[in-house]
Amino acid sequence: MKHLIPLFLLAAPALADAPIIESASATRIADGWRFDVTLTHPDTGWDHYADGWRAETEGGSVLGTRELVHPHVDEQPFTRSLSPVALADGIATVLIRARCNIDGWSRDVFALELR
């Protein structure tokens, strides 16, 4: 006789905490824009850390990606920059999205209004 296990009793994969974008700023520079993004994330080392962020249009096009190549266990929050980023005329808002090496890209975004 087969034993059926109710689905609610099966262990679900544990999701790690997503990186949080604390702040972001954009500055016009000679050859585009510079983005400065401050993140917090409970990095535990190489097994779990925030490993990037990107700037996107509201339509979902990726404008640029900042790879984070090592954990920041003892540096929280931390700020990293990306430049130059080319923006088409008329873009007034850029969305910033963070990523960790366990869960991938966050669903949450930080909306940054450009001046």
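Taking a point 7 Å out from the Cα of L114 in the direction of its Cβ, the residues of the range 70-100 whose backbone N falls within less than 11 Å of it are 85-95. About its Cα centre, the chain has a charge dipole of approximately 280 debye under the convention of +1 per Lys or Arg Cβ and -1 per Asp or Glu Cβ, with nothing else charged. The GluC sites (Glu not before Pro) of the range 16-83 that meet both conditions, a loop assignment by DSSP and at most 15 other Cβ atoms within 10 Å of the site Cβ, are E58, E75. Once you reduce the range 26-44 and the range 81-110 to the center of their Cα atoms, the two points are 9 Å from each other. Across the range 17-113, the volume of the C-alpha convex hull divided among the residues equals 86 Å³ per residue. Applying both filters, DSSP loop and at most 11 other Cβ atoms within 10 Å, to the chymotrypsin sites (Phe, Trp or Tyr not before Pro) of the range 45-115 gives W46. Shown is the FRET efficiency for S61 and R34, computed with R0 = 22 Å from the Cβ-Cβ distance and rounded to the nearest 0.05: 0.70.
Just so you know, all these numbers are worked out from the coordinates, no wet-lab data involved. Note that the coordinates shown come from a computational prediction; the quantities given were computed from them, not determined experimentally. As a convention, Cβ positions derive from the backbone with ideal geometry for all residues, glycine included, and neighbour counts pool all protein chains shown.
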